[in-house]
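Here is the structure we will look at.
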Amino acid sequence: MKILVTGTAGFIGFHLANKLLQRGDEVVGLDNINDYYDLRVKYGRLQNSGIVEHIDNPDIAYNQLIQSKKYPNYQFIKLNLEDKENLFDLCKQQKFDAVCNLAAQAGVRYSLTNPDAYINSNIVGFLNVLEACRHFDIENLSYASSSSVYGLNTKQPFSTKDNVDHPISLYAASKKSNELMAHTYSHLYGIRTTGLRFFTVYGPWGRPDMALFLFTKAILEDREIDIFNYGEMQRDFTYVDDIVEGIIKVIDNPAKSHSAPSNPSISTAPYKIYNIGNNAPVKLMDFVSEIEKKLNKTAKKRFLPLQAGDVVSTYADVSDLIEDLGYQPKTTIQEGIAKFIDWYLDFYQISKHNHANIEDNHTK
């Protein structure tokens, strides 16, 4: 299968592209490599995939396909999804069998201060993806939605059968909009679209703006970590390998029409919405405790009120993804945090001699 994966300098897109390549698919990765967070992490992912040789001097030109030196079936292009003309040229030339759109402006709190970025990337950019699928006969589209669409919902676990009309951030609203836009194109043009509502993804090569990265960095540097809502938070933390397993199942099994839709996640159009999470929420303080155990250091904690745009708890009902596609998350929080911290220490070249007790503590 020849697949366009957008967002491959990003966290999930990087892992997905590598997994698809390892199983033999042909992949074109796309990313605009913006500076929303540490570019060394983004270039490090591209280096790991054979796209750049040196993360401090990556030399990536705009709108030029780059051949991976690691995978013969991988090419990468630096491109904005808002650049409709060049996106169309790419799709016309490459004749993709499927698109997985993971490129987006991420971050709930950032959307409070930079709303324009979310309209440009998440709305205009996604429209261009839909239009490209329409005009170049790409009938298999999967895309990233978010658990944030549940907004003010209080019934848990969150189900795709629930109403999601009350988002509490522009980021969430943009993701809800993507679902509505996708349904429209499924209905009008027969494009088989599947949206995936991700629940707090973590793991090696993770985003520096996410809790695990921020907490690990601060603890190692003997700085305070911010604990919002005074620690009374729960998240359905989901390890990235489990997320990628689910995405690949969706790519291999595109959405179908339903003659008698029974809930908002399906339609008479070839359209589907899935939750994709661990189905096992973890208390924030337990999450912090696992980081402390792995690092063998006690965090300095600053307890703060709930932030605007945040929700107190997330919990994914993934029963339909299990029933339809055999999805089964396997990674425990203990395993996932350990793998992340091992990667973090290696990537930032933090001497294990200086933190000698880390491995000793982990093996006890």
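The values are calculated or read from the model by the stated rules, or taken from the named source; none is laboratory data. Note that the structure is predicted; figures quoted are calculated from it, not measured. Positions of Cβ are backbone-derived with ideal geometry, glycine not excepted, and every protein chain shown enters the neighbour counts. Just the protein is used for accessible areas: all its heavy atoms, side chains included, with ligands, DNA and RNA removed. Shrake-Rupley method; radii C 1.70, N 1.55, O 1.52, S 1.80 Å.
So, with +1 on the Cβ of K and R and -1 on the Cβ of D and E, and no other charges, what is the size of the charge dipole of the chain about its Cα centre, to the nearest 20 debye? Before the final figure, lay out the partial values.
On the way: 38 positive and 44 negative charges, 53 e Å.
Around 260 debye, computed over the chain.
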Unit charges at the beta carbon, dipole of the stretch 139-273: most positive-side option, Val250, Met181, Leu152 | Met181
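Averaged across orientations, what area in nm² does the convex hull of the alpha carbons in the stretch 95-177 project? Please report the intermediate quantities before stating the final value.
Details: hull surface 24.0 nm².
The number I arrive at for the stretch 95-177 is 6.0 nm².
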Sequence-distant lysines (8 or more away, or on other chains) whose Cα lies within less than 25 Å of Lys95 = Lys2, Lys19, Lys69, Lys70, Lys78, Lys84, Lys249, Lys256, Lys272
Work out how much length His187 to Glu224 would gain on full extension: take 0.36 nm times their residue separation and subtract the Cα-Cα distance, in nm to one decimal.
-> 8.3 nm
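If you take the square roots of the eigenvalues of the alpha-carbon gyration tensor of the stretch 242-281 and sort them as a ≥ b ≥ c, do you get rounded (a/c under 1.5), prolate (a/b over b/c) or oblate? Don't jump to the answer; show the numbers that get you there.
Values: a/c = 4.40, a/b = 1.59, b/c = 2.76.
Judged from the Cα gyration tensor, the stretch 242-281 comes out oblate (a/c at least 1.5, b/c at or above a/b).
What value, in deg cm²/dmol to 500, does the helix sum -39500 (n - 2.57) over DSSP H runs of n ≥ 4 give at 222 nm once divided by the residues of the chain?
Details: 13 runs with 135 residues, N = 364.
Computed mean residue ellipticity for the chain: -11000 deg cm²/dmol.
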Of Leu295, Ser265, Ile350, whose Cα points farthest to the positive end of the dipole of the chain (charges on the beta-carbon: +1 Lys, Arg; -1 Asp, Glu; origin at the Cα centre)?
-> Leu295
Within the stretch 1-113, what percent of beta bridges assigned by DSSP are antiparallel, to the nearest 5?
-> 10
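At 0.36 nm per residue, and after removing the present C-alpha to C-alpha distance, how many nm does the segment from Lys297 to Asn253 gain when stretched out fully? Spell out each step's value before the answer.
On the way: separation 44, 0.36 × 44 = 15.84 nm, distance 4.47 nm.
Stretched fully, the Lys297-Asn253 segment lengthens by 11.4 nm.
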Taking a cut-off of 22 Å between Cα atoms, list the lysines near Lys301, but don't count ones fewer than 8 places away on the same chain.
-> Lys217, Lys283, Lys293
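Please report the net charge: other residues with Cβ closer than 10 Å to the Cβ of Ile227, K and R +1, D and E -1.
Computed value for this residue: -1.
Counting only protein heavy atoms and using a 1.4 Å probe, what share of the accessible area of the chain belongs to carbon plus sulfur, as a whole percent?
On the way: 7490 of 15660 Å².
The computed percentage sits at 48.
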Proximal aspartates and glutamates to Lys297, defined as alpha-carbon separation beneath 13 angstrom and excluding residues fewer than eight positions away on the same chain | Glu221, Asp222, Glu224, Glu359, Asp360
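What order do you get for 177-183, 118-124, 257-263, 68-74 when each peptide is scored by the mean count of other beta carbon atoms within 10 Å, highest first? If you can, show how the numbers build up before the last one.
Values: 177-183: 20.3, 118-124: 18.4, 257-263: 11.0, 68-74: 16.0.
Listed from highest to lowest mean packing, they are 177-183, 118-124, 68-74, 257-263.
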Compute the convex hull volume of the Cα atoms of the stretch 1-70, divide it by the residue count, and report the result per residue in Å³ as a whole number.
-> 81
Residues in the stretch 7-44 reached by a label modelled at Asp56 [backbone nitrogen below 13 Å; 7 Å Cα→Cβ] = 40
What nm value, rounded to one decimal, do you get for the distance between Gln93 and Leu214 when each label is placed 7 Å out toward the C-beta?
-> 4.0
Using a 1.4 angstrom probe and counting only protein chains, how large is the accessible area of Cys100 in Å², to 10?
-> 0
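How much area per residue is accessible in the chain when the probe is 1.4 Å and only protein heavy atoms are counted (Å²)?
Details: 15660 Å² over 364 residues.
It amounts to 43 Å² per residue over the chain.
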Could you pull the Rg and Dmax for the chain, using just the Cα atoms, both in Å?
-> 20.0, 63
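How much FRET efficiency would the formula 1/(1 + (r/R0)^6) give for Asn263 and Gln67, where r is the Cβ-Cβ distance and R0 is 41 Å, rounded to 0.05?
Numbers: r = 44 Å, r/R0 = 1.08.
So the FRET efficiency works out to roughly 0.40.
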Considering only the chain, percent of DSSP beta bridges that pair antiparallel, nearest 5 = 10
Sorted by accessible area with a 1.4 angstrom probe, largest first, how do Leu90, Leu127 fall?
-> Leu127, Leu90
So, counting K/R as plus one and D/E as minus one, what does the shell of residues with Cβ under 14 Å around Ala269 add up to?
-> +2
Average projected area of the Cα convex hull of the stretch 162-231, in nm²?
-> 7.3
